[in-house]
Structure formats: structure tokens, C-alpha cells
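To start, the structure itself, in C-alpha cells.
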Amino acid sequence: MTPDHLLIADALLPARNQMALSLGAHIILACFGVAMPAMLFVLHRMGANGDAAALELAKRWSKISGVLFAIGAVSGTILAFEMGLLWPGLMEQYGDVVGLAFTLEGISFFVEAIFLGMYVYSWGRLPAKAHQLLLLPMIISGMSGTFFIMSVNSWMNAPTGFDIVNGQIVNINPWAAIFNEAVFLQYLHMLLAAYMVAAFTMVSVYSVGWLRGRRDRLHRLGILVPLAFAAIATPIQPIVGHFAGQAIADRQPIKLAAIEGLPVTESEVPIILGGYYDGNEVVGGIEVPIPGLASFLAQNSFDAEVIGLNDVPVEDQPPVNVVRFSFQIMVGIGSGLALLVTYVGYRWFRHRDTFLDNPWMLRAFTLTGVASIIAMETGWITTEVGRQPWVVHGILRTEDAVTDGNWVWFTLIGLIIVYLGMFAAGFGVLRSMSKRWAAGETDLESPYGPGRIHELVS
Amino acid sequence: MSAADAVAAVMFAAVTLYAVSAGADFGTGLWDLLAGGPKKGAPMRRLIDKALGPVWEANHVWLIFVIVLLWSGFPRPFATIMRELAIPFWFVGLGIVLRGSGFAFRKFAPTLQAARLAGIVFAGSSFVTPFFLGTIAGAIASGRVGTGVEDEVIWLSPTSILGGILATATCAFLAAVFLTEEADRSGDVELAEELRLKAFITAAVTGMVALFGTVPLRDDAPTLFDGLTSRGAPEIILSTVAGLATLHFLRRRQLRTARIAAVIAVAAIVLGWGFGQYPWILVDSVTIEEGAGHPATLTALLVAAGLAALIVTPALVMLYRLADTNRLSH
């Protein structure tokens with residue numbers, strides 16, 4: 001294979017990786033856009049009722065949200081471009097099927113951007129009672145935006161709202177496409193994930209501060225308020241995930257077969273943890289000693305039949321190991337987090353006075369942010385790679401949707417460099433903000449600001 | 001008016017709003033670059049931070065709206081545009097990422113060095129991005145997209161280059177007028193006068209580019225030229241008048257009125273392009289009717305646009321009023 005051939009004939013591999021990278025990066029930022037307003041609302045309300053530490057924390061978090069929202073907005077724009085640049089074959093055929101959902105998502109994002117602009121810049125200029133109300137449209141638009149974007153993704157898993165007659169796409173009903181049968185569970189799953197990621201990340205950051213000795217009310221609130229959100233979302237998530245998995249068993253049985261590493265259709269299918277699928281079976285894994293557990297989870301019966309990979313030809317099967325590993329990592333982390341919040345609940349009701357005095361719990365907290373992000377990313381890998389080789393399940397193959405552009409390797413490498421730079425710089429900026437707060441600064445004036453102008457020499 | 005025409009009209013209204021609002025934001029890049037060393041340039045950069053901070057993200061969303069309406073309402077022309085104009089779109093994407101993150105990071109940069117680096121990234125990408133957007137517009141308007149032109153880079157044709165220069169100049173002009181008013185309002189007379197001069201110069205340059213730019217259009221983009229001199233002529237005349245009015249109001253230091261005149265001048269020229277290329281969505285290749293998606297989607301998009309007008313307009317007015325009355329700042 002010559003390099004020339006690589007560049008021109010095979011845009012599929014770099015295009016898929018570029019999409020994965022763009023989505024994987026953006027989704028983390030999107031979580032904060034969706035979930036921060038609700039946490040801010042709680043803090044701001046406490047602040048409006050006289051809690052100075054809560055108000056200061058809300059002020060800080062609004063600044064953090066401003067930075068995260070900015071890079072979220074621009075990375076979201078890249079995704080919009082990529083829908084056409086990388087997948088013109090998808091958009092030219094189905095752009096008008098899923099377009100309404102994207103348009104409504106655009107409106108949601110518009111509302112969020114407008115109110116964020118007002119909220120972040122209204123400190124000291126609006127009374128607290130009025131100021132906090134600016135968060136409500138953001139909470140709602142975050143939820144509606146998540147719904148519409150998940151609607152498009154769930155449509156790719158459960159395409160509906162059109163007919164194909166003689167190769168032509170006809171009878172389009174964009175509303176039916178939005179309310180496809182997969183949307184509800186996928187939406188709930190992602191909404192909960194967004195709240196978990198944002199909440200656990202804030203818990204992590206403030207737990208580190210707590211363990212380093214910054215044991216003031218501000219840090220206490222920085223742990224407890226997001227922890228309350230996480231403690232509600234985390235136990236619900238496995239239940240939603242379970243029903244989403246059962247829906248997959250009916251709708252995308254090959255995706256489920258890849259998750260299980262199940263080569264042929266069988267009944268009484270066990271669950272095998274770990275191991276490696278060698279093309280015929282999973283080797284080296286540990287079988288859970290409950291016979292037919294996978295059958296039960298998928299079909300509510302221990303001896304139910306589960307469809308295997310060989311139900312379809314090899315070229316219609318997804319890469320099994322990526323899907324399996326990702327799924328098991330997601331479930332593993334989700335279970336761990338559920339155990340942790342169970343303990344949190346116990347401790348809150350039994351030892352509230354000394355709630356934060358358990359260093360092991362705090363150490364566990366410091367890991368929850370990264371853990372929840374990994375769980376969300378592996379969840380996305382499970383569903384996206386599990387749908388391959390289809391971009392629209394059963395209807396349009398990814399290789400038929402991809403661009404024939406000869407630039408995809410270049411843009412992939414470019415994107416890697418730019419996003420590494422952007423995330424590193426963003427991380428650096430947030431870290432420096434945190435250090436300046438710890439050092440007692442409040443306004444975080446820019447180096448060009450009037451109060452720092454004496455620092456400038458020329 | 002057919003449903004396809006109506007969706008195209010909504011889309012073009014969004015293009016115009018993007019050009020006017022985000023155009024002013026992008027245009028600040030040039031003045032930020034030229035503001036001088038850290039101390040000398042501090043007032044200008046502070047002004048730009050303050051002016052853009054609350055509004056740039058909302059202004060940016062118009063572009064996303066345009067892209068989404070294009071693929072929803074006109075999926076096949078959208079795919080053609082993205083296939084044939086991928087390279088300038090990637091530059092636009094790069095510019096947008098660098099502009100947004102550069103701007104957000106500069107505000108909270110801990111040190112002067114970090115702020116300068118973020119500032120150069122923000123200002124440089126702000127300056128470059130409209131150029132590539134302009135080349136995209138030029139390629140479509142000149143009848144090179146979807147028409148099988150193969151012996152040239154279609155986004156580097158004379159019309160594209162004109163589009164790029166005109167977009168860049170227009171942004172700088174809008175930004176200068178907006179910032180003059182902003183500086184005046186914040187009481188910095190010296191900076192306001194400096195910006196007023198910049199506004200004069202860029203108004204003259206932009207006017208010249210627009211005026212003499214039409215000369216190559218006659219041969220390079222005949223369909224657009226015919227449209228601009230017939231259906232689009234009222235908008236072009238309006239733009240000229242509004243441009244001259246901007247100069248007049250700038251001279252008399254009626255800065256708020258000058259700002260309105262500048263907005264009209266730019267909006268009119270963008271609308272002139274739209275009327276000029278009607279009924280084509282891709283000039284000389286696909287008409288609005290031919291390129292339109294399914295009727296049910298077009299109807300739904302119009303419903304969504306109505307919804308957007310009801311929800312977004314009051315919110316946007318509120319944002320601008322808060323920003324305008326100096327109640328928002330930081």
C-alpha cells in the first residue's frame with residue numbers, strides 16, 4: 001500500500017478517528033454546559049439567602065463555566081462542520097430527515113449562549129434574586145439541547161421517519177425521526193451522565209483542596225453541593241442503562257453480541273468478565289457463576305436465546321474487543337461509583353457531623369471525576385463502535401457516507417495538535433485561576449486590567 | 001413564495017445577522033493586533049475584552065444556525081459545498097477554535113506573557129477567519145460550486161479573493177465603528193478619537209474594495225453581476241448610501257447613529273448578494289427549488305424558525321440591552 005493510496009482511497013480510518021476525537025473532546029465540555037447551571041443555581045440561591053461562601057463559590061464557578069463554555073462552543077462548531085466535511089454521504093441523503101432535531105438543538109444552544117453571556121457578566125450589576133433567575137433558561141436549554149442531539153444519535157441506532165422506495169428516500173417525517181423509539185432511554189442515559197461527569201469532576205477538584213488542608217466552608221460546599229447531584233444521578237444510571245441494553249437486544253442484537261463477545265446464537269448465555277475475543281470465542285475471561293445471567297439481563301429469562309455475531313456476515317459485524325472492553329469498563333466504573341454513593345448516603349444519614357472526616361472517602365472522591373469521564377467515553381465507544389459498520393443502522397454503511405477528500409490524515413493530525421494545545425492551555429488557565437483564588441485573589445483581573453497596569457513596563 | 005424560498009430567506013437572514021454581529025467581533029482582531037505594546041495597547045485590549053465578552057458566543061451561534069439550516073433545508077447543495085470547499089472550511093474551523101479559546105484564555109491569563117500569547121492567537125485568527133468565509137461565499141456566488149470546474153482552485157478565484165478581502169475589510173470597519181462608540185461611552189475620549197480615525201480609514205477602504213471589486217465580477221461571476229445590477233441593485237445603492245451616512249455621522253460624532261448606519265451598510269451588501277444570486281442556491285448549478293429537501297422538513301424548519309424568533313429574539317434583545325447599558329462588564 002503506497003502512502004498515496006492511503007491518502008486518497010482510504011479516508012474512512014482517519015475520518016472515523018477524527019470524528020471520535022472531536023466528539024470525545026466536545027462531549028466532556030458539553031457535560032459542563034448542561035449540568036453546571038443547575039449546580040450554580042443551588043449555590044447562587046444559597047448565596048442570595050445570605051451564605052457568603054456559597055455566593056463566592058457560585059461566582060468562581062460562573063467564571064469556570066465561562067471558560068469551559070467557550071471551548072465547548074468552538075469545539076461544537078467543529079462537529080457541525082465535520083458532519084458535512086467528513087460525512088457528506090450521510091448528510092446529502094439524510095440531512096433533511098434529522099435536520100429538524102439539529103435545528104432545535106441549535107435554538108437550545110442559542111438560548112444557553114445568550115443567558116450564559118448575561119449570567120457570567122452580571123456579577124455586581126444585578127440583584128442576586130434576579131441574577132440567579134438567568135440560570136433557569138440555561139438549565140432548561142441544556143436539557144432540551146441534550147434531548148435533540150441525542151435524538152439524532154438515537155435515530156442512527158433506530159432510524160425512522162422516512163421510507164426507501166426504489167433507492168429514493170421518500171415520505172420524510174422529521175418529527176417521527178426526532179421521536180424515534182431509542183431516544184427516550186438514550187436521552188436519559190446521557191443527561192444523567194452529563195450531571196455525573198460535571199458533578200463528580202467538581203467533587204474531585206474540591207476534595208483535592210480539602211485533603212491539602214483547605215478545610216473552609218467554601219471547599220465544604222464545593223464538595224457537598226455537586227455530590228448531592230451525583231448521589232441522585234449515579235444510582236439511577238445503572239437502571240436506565242439496563243433498560244437501554246434490553247432495547248439494544250431487540251433493536252441492535254449484533255451490538256449486544258459484540259458487547260457479550262457471543263459468536264453464535266445461544267440460550268442460557270453467561271457473562272464473561274475480561275478476556276479477549278479471538279474471532280471464535282472469548283478466551284481468558286472469568287465467567288460469572290450465575291448460569292444464563294446475560295440471557296436474563298437481556299431478555300428477563302435465564303434460558304432466553306441471545307443472538308450471536310454469526311447471525312450476520314463478518315463484514316456486518318463490529319470490532320468485538322473494542323466494544324466489549326469499553327462496555328465492561330463503563331459498567332465497572334458505574335458500579336464502583338454506585339457503591340461509593342451508597343456509602344455516601346449511609347454516611348450522610350448516620351455520621352453527618354463528621355461526614356468529611358473520612359480521608360479514604362475523600363481520596364476516593366478525588367478519582368471520581370476522571371472515572372466518570374472514562375465511563376462516559378467508553379459508553380460512547382460502546383454505542384458508536386458497536387453500531388459499525390453502519391452509520392445509520394442497517395441502512396447506510398459508514399464507508400458509503402465518508403468523504404472522498406484526500407486531506408483527512410492532515411486534518412486529523414491538525415486536530416490532534418490543536419486540541420492538545422487547547423486542552424493543555426485550558427487546563428493551565430483553570431489551574432492558574434484556582435491558584436490565584438487560593439492565594440486570596442477574587443476578581444482575577446487580566447494583566448491588561450486597570451488594577452494591574454503598574455505591572456506593565458512598556 | 002414557496003417553502004423552499006422561505007427557508008432560504010430565513011437562512012439568508014441568519015447569514016446577514018452573522019455577518020453584522022460576529023463580523024464586528026471578528027473585526028476587533030485587527031485593532032487588537034495593531035494596538036501596540038502591552039502598556040500602550042492596554043486600553044484598546046480592555047475595551048475589546050469588555051465589548052466582546054458577553055456577546056461573542058451568542059453572535060457566533062448564527063453560523064451554526066446557518067450550517068444546520070443549510071443541511072436540513074438543502075442537503076444536497078450542502079454536501080456539494082462541503083466536498084468542494086473543504087479546505088477553506090477547515091481554515092474557518094481552525095480560526096474559530098483559535099479565536100474562541102484565545103479570547104477566553106486571555107481574560108484569565110495569569111501573566112502578561114500568557115495574555116500576549118493568547119491575545120495574538122485570538123487577534124490573528126479573528127483577522128484571518130472572515131477572509132476564508134469570504135472566499136467560500138465568493139466561490140458559491142461566482143458559479144464555481146457544483147458546476148464541475150476542475151482546472152482551478154475554486155476558492156482562490158478572483159471573486160473568492162474579492163469576497164475574502166471584502167469580508168475582512170467589512171469586519172474591521174464594523175469593529176472600528178462599534179468600538180468607537182463603546183470607547184466613547186466608557187469615557188475614554190482619546191481612544192474613541194483614535195478609533196474614529198480608524199473607522200474613517202476602513203470605511204474608505206471597504207467602500208473602494210466594494211466599488212472597484214465589481215469590475216472583475218462582470219467577467220468572473222457574470223450571473224452574480226447581472227443579479228447585483230438588477231434585483232440586487234436597490235440593496236447595493238442602500239449600502240452605498242448607508243456607508244456614506246456612516247462617515248457623515250462619524251464626522252459629527254453622532255456615534256450611535258453611525259453604528260446603526262454601519263450595520264445597515266453591511267447588512268445591505270450581504271442581502272444584495274442574496275438577492276443577486278436568487279434563484280440559485282449554488283449559482284449556475286442548483287436552484288433553491290431543485291436543491292431543497294423534503295417538503296415536510298421545510299415546513300417543520302419554518303415552524304422551528306418561528307419558534308426561534310419567539311424565543312431567541314427577546315433574549316437577544318435583553319442581552320444586547322444589558323451589554324449596551326454598561327450593566328454588563330468585567
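The values are calculated or read from the model by the stated rules, or taken from the named source; none is laboratory data. Worth saying up front: this structure is predicted, and the values here are computed from it rather than measured. Positions of Cβ are backbone-derived with ideal geometry, glycine not excepted, and every protein chain shown enters the neighbour counts. Heavy atoms of the whole protein, side chains included, go into the accessibility calculation; ligands, DNA and RNA do not. Shrake-Rupley method; radii C 1.70, N 1.55, O 1.52, S 1.80 Å.
Conditions tested, residue by residue: (1) closer than 22 Å to residue A:113 by Cα; (2) crowded, with 24+ Cβ neighbours inside 10 Å.
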{"residue": "B:101", "(1), (2)": "yes, yes"}
{"residue": "B:123", "(1), (2)": "yes, yes"}
{"residue": "B:128", "(1), (2)": "no, no"}
{"residue": "B:134", "(1), (2)": "no, yes"}
{"residue": "B:143", "(1), (2)": "no, no"}
{"residue": "B:146", "(1), (2)": "no, no"}
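Could we say that residue B:74 is surrounded by fewer than 24 Cβ atoms within 10 Å (Cβ to Cβ), in contact (Cβ under 8 Å) with a residue 24 or more places away in the chain and either more than 9 Å from every other protein chain (Cβ to nearest Cβ) or more than 20 Å from the chain's Cα centre (by Cα) (or both) here? Let's see the steps before the verdict.
Values: surrounded by fewer than 24 Cβ atoms within 10 Å (Cβ to Cβ): no; in contact (Cβ under 8 Å) with a residue 24 or more places away in the chain: yes; either more than 9 Å from every other protein chain (Cβ to nearest Cβ) or more than 20 Å from the chain's Cα centre (by Cα) (or both): yes.
When the stated conditions are applied, residue B:74 does not pass them.
β-branched (Val, Ile, Thr) and under 30 Å from residue B:289 (Cα atoms): does that describe residue B:10?
Values: β-branched (Val, Ile, Thr): yes; under 30 Å from residue B:289 (Cα atoms): yes.
Yes; evaluated as a whole, the condition is true for this residue.
Look through B:319, B:250 and report the one residue that is at the interface with chain A (Cβ under 9 Å from one of its Cβ atoms), in contact with a Phe, Trp or Tyr (Cβ under 9 Å, 6 or more places away or on another chain), in contact (Cβ under 8 Å) with a residue 60 or more places away in the chain and more than 15 Å from residue B:11 (Cβ to Cβ). Give the steps one after another, and end with the answer.
Details: B:250 fails: at the interface with chain A (Cβ under 9 Å from one of its Cβ atoms).
Result: B:319 is the single residue among B:319, B:250 that is at the interface with chain A (Cβ under 9 Å from one of its Cβ atoms), in contact with a Phe, Trp or Tyr (Cβ under 9 Å, 6 or more places away or on another chain), in contact (Cβ under 8 Å) with a residue 60 or more places away in the chain and more than 15 Å from residue B:11 (Cβ to Cβ).
Looking at (1) more than 11 Å from every other protein chain (Cβ to nearest Cβ); (2) open to solvent by less than 10 Å² (accessible area, probe 1.4 Å), which one does residue B:95 not meet, given that it meets all the others?
Among (1) more than 11 Å from every other protein chain (Cβ to nearest Cβ); (2) open to solvent by less than 10 Å² (accessible area, probe 1.4 Å), the lone unmet condition for residue B:95 is (1).
With (1) over 15 Å from residue A:387 (Cα atoms); (2) loosely packed, with under 15 Cβ neighbours inside 10 Å as the list, and residue A:319 as the residue in question, which single condition is left unmet?
So the condition that residue A:319 fails would be (1).
For the stretch A:346-380, enumerate the residues that are exposed (fewer than 12 other Cβ atoms within 10 Å of the Cβ) and part of a helix (DSSP H, G or I).
Selection gives A:346, A:349, A:350, A:352, A:353, A:354, A:359, A:360.
Looking at the stretch A:70-111 only, could you name the residues that are touching a helix residue (DSSP H, G or I) at 6+ places or on another chain (Cβ under 7 Å), of a type in the set (Phe, Trp, Tyr) and more than 7 Å from every other protein chain (Cβ to nearest Cβ)?
Scanning the stretch A:70-111 gives a single hit, A:87.
Search the stretch B:106-127 for residues that are among the hydrophobic types (A, V, I, L, M, F, W, C) and pair each with any residue that is open to solvent by 50 Å² or more (accessible area, probe 1.4 Å) and in a helix (DSSP H, G or I) when their beta-carbon atoms are under 6 Å apart and the residues are at least 6 apart or on different chains.
Listed by first residue and then by second, the contacts come to B:121/B:98; B:123/B:33.
Given the criteria among the charged types (D, E, K, R) and open to solvent by 80 Å² or more (accessible area, probe 1.4 Å), does residue A:260 qualify? So that I can check it myself, show each step before the final result.
On the way: among the charged types (D, E, K, R): yes; open to solvent by 80 Å² or more (accessible area, probe 1.4 Å): no.
No; evaluated as a whole, the condition is false for this residue.
Just a yes or no: is a residue in the stretch B:38-52 open to solvent by less than 10 Å² (accessible area, probe 1.4 Å), free of Cβ contacts under 8 Å to residues at least 12 places away in the same chain and within 12 Å of chain A (Cβ to nearest Cβ)?
yes
Can you pull out every residue in the stretch A:381-395 that is closer than 25 Å to residue A:21 by Cβ and open to solvent by less than 50 Å² (accessible area, probe 1.4 Å)? Step through it out loud before you land on a result.
First, the residues of the stretch A:381-395 that are closer than 25 Å to residue A:21 by Cβ: A:381-393.
Answer for the stretch A:381-395, where residues must be closer than 25 Å to residue A:21 by Cβ and open to solvent by less than 50 Å² (accessible area, probe 1.4 Å): A:382, A:383, A:384, A:385, A:386, A:387, A:388, A:389, A:390, A:391, A:392.
If I filter the stretch A:401-420 for residues that are within 30 Å of residue A:209 (Cβ to Cβ) and open to solvent by 40 Å² or more (accessible area, probe 1.4 Å), do I get at least one hit? Talk me through it step by step, then tell me what you get.
Just the residues of the stretch A:401-420 that are within 30 Å of residue A:209 (Cβ to Cβ), to begin with: A:419-420.
Still in the running and open to solvent by 40 Å² or more (accessible area, probe 1.4 Å): A:420.
Yes, there is a match, as at least one residue in the stretch A:401-420 is within 30 Å of residue A:209 (Cβ to Cβ) and open to solvent by 40 Å² or more (accessible area, probe 1.4 Å).
Quick one: residue B:257 ticks every box in (1) under 30 Å from residue A:124 (Cβ atoms); (2) surrounded by fewer than 19 Cβ atoms within 10 Å (Cβ to Cβ) bar one, so which box is it?
The failed condition is (1).
Would you call residue A:147 under 30 Å from residue A:46 (Cβ atoms), of a type in the set (Phe, Trp, Tyr) and in the same structural domain as residue A:48 (by TED's automatic domain parsing)?
Numbers: under 30 Å from residue A:46 (Cβ atoms): yes; of a type in the set (Phe, Trp, Tyr): yes; in the same structural domain as residue A:48 (by TED's automatic domain parsing): yes.
When the stated conditions are applied, residue A:147 passes them.
Do we have residue A:325 as assigned to a helix (DSSP H, G or I), out of contact with any Lys or Arg (no Cβ under 9 Å at 6 or more places or on another chain) and of a type outside the set (Ser, Thr, Tyr) here?
Details: assigned to a helix (DSSP H, G or I): yes; out of contact with any Lys or Arg (no Cβ under 9 Å at 6 or more places or on another chain): yes; of a type outside the set (Ser, Thr, Tyr): yes.
Yes, satisfied.
Residues being open to solvent by less than 20 Å² (accessible area, probe 1.4 Å), farther than 30 Å from residue A:424 by Cβ and either at the interface with another protein chain (Cβ under 7 Å from one of its Cβ atoms) or among the small types (Gly, Ala, Ser) (or both): count how many of those fall in the stretch B:77-92. Please lay out each step first, then the result.
First, pick out the residues of the stretch B:77-92 that are open to solvent by less than 20 Å² (accessible area, probe 1.4 Å): B:77-79, B:81-82, B:85-86, B:88-89, B:92.
Checking which are farther than 30 Å from residue A:424 by Cβ leaves us with B:77-79, B:81, B:85.
Right, trim to either at the interface with another protein chain (Cβ under 7 Å from one of its Cβ atoms) or among the small types (Gly, Ala, Ser) (or both) and you get B:78-79.
So the count comes out to 2.
Which residue, of A:179, A:184, A:162, A:102, is over 17 Å from residue B:296 (Cα atoms) and aromatic (Phe, Trp, Tyr)?
Numbers: A:179 fails: over 17 Å from residue B:296 (Cα atoms); A:162 fails: over 17 Å from residue B:296 (Cα atoms); A:102 fails: over 17 Å from residue B:296 (Cα atoms).
A:184 is the lone residue from the list that is over 17 Å from residue B:296 (Cα atoms) and aromatic (Phe, Trp, Tyr).
Of the residues B:244, B:307, which single one is of a type outside the set (Lys, Arg), open to solvent by 20 Å² or more (accessible area, probe 1.4 Å) and away from every other protein chain (no Cβ under 14 Å)? Lay out the reasoning, then the answer.
Numbers: B:307 fails: away from every other protein chain (no Cβ under 14 Å).
One residue alone meets the criteria, B:244.
Which numbered condition trips up residue A:125, out of (1) assigned to a helix (DSSP H, G or I); (2) surrounded by fewer than 23 Cβ atoms within 10 Å (Cβ to Cβ); (3) at the interface with chain B (Cβ under 7 Å from one of its Cβ atoms)?
The number of the failed condition is (1).
Scan the stretch A:79-89 and tell me whether some residue there is acidic (Asp, Glu) and modelled with pLDDT under 95.
So far as the stretch A:79-89 goes, no, none of its residues is acidic (Asp, Glu) and modelled with pLDDT under 95.
At least 2 residues that are polar (S, T, N, Q) and either over 17 Å from residue B:57 (Cα atoms) or open to solvent by less than 20 Å² (accessible area, probe 1.4 Å) (or both) in each: list the helices (runs of 4 or more DSSP H) lying fully within the stretch A:1-110 that qualify. Lay out the reasoning, then the answer.
Working: elements: A:3-9, A:12-48, A:52-85.
Here the list reads A:12-48, A:52-85.
Residues of the stretch B:272-293 being part of a loop (DSSP other than H, G, I, E, B) and surrounded by fewer than 23 Cβ atoms within 10 Å (Cβ to Cβ), which ones?
Our first condition is that a residue be part of a loop (DSSP other than H, G, I, E, B); within the stretch B:272-293, this holds for B:278-279, B:283-285, B:292-293.
Selection gives B:278, B:279, B:284, B:285.
Of the residues that make up the stretch A:288-301, is at least one in contact with a helix residue (DSSP H, G or I) (Cβ under 7 Å, 6 or more places away or on another chain) and part of a loop (DSSP other than H, G, I, E, B)?
Among the residues of the stretch A:288-301, at least one is in contact with a helix residue (DSSP H, G or I) (Cβ under 7 Å, 6 or more places away or on another chain) and part of a loop (DSSP other than H, G, I, E, B), which makes the answer yes.
Take the conditions within 14 Å of another protein chain (Cβ to nearest Cβ), over 22 Å from the mean Cα position of the chain (by Cα) and open to solvent by 20 Å² or more (accessible area, probe 1.4 Å) and apply them to residue B:298. Does it pass?
Numbers: within 14 Å of another protein chain (Cβ to nearest Cβ): yes; over 22 Å from the mean Cα position of the chain (by Cα): yes; open to solvent by 20 Å² or more (accessible area, probe 1.4 Å): no.
Taking the combined requirement at face value, the residue does not satisfy it.
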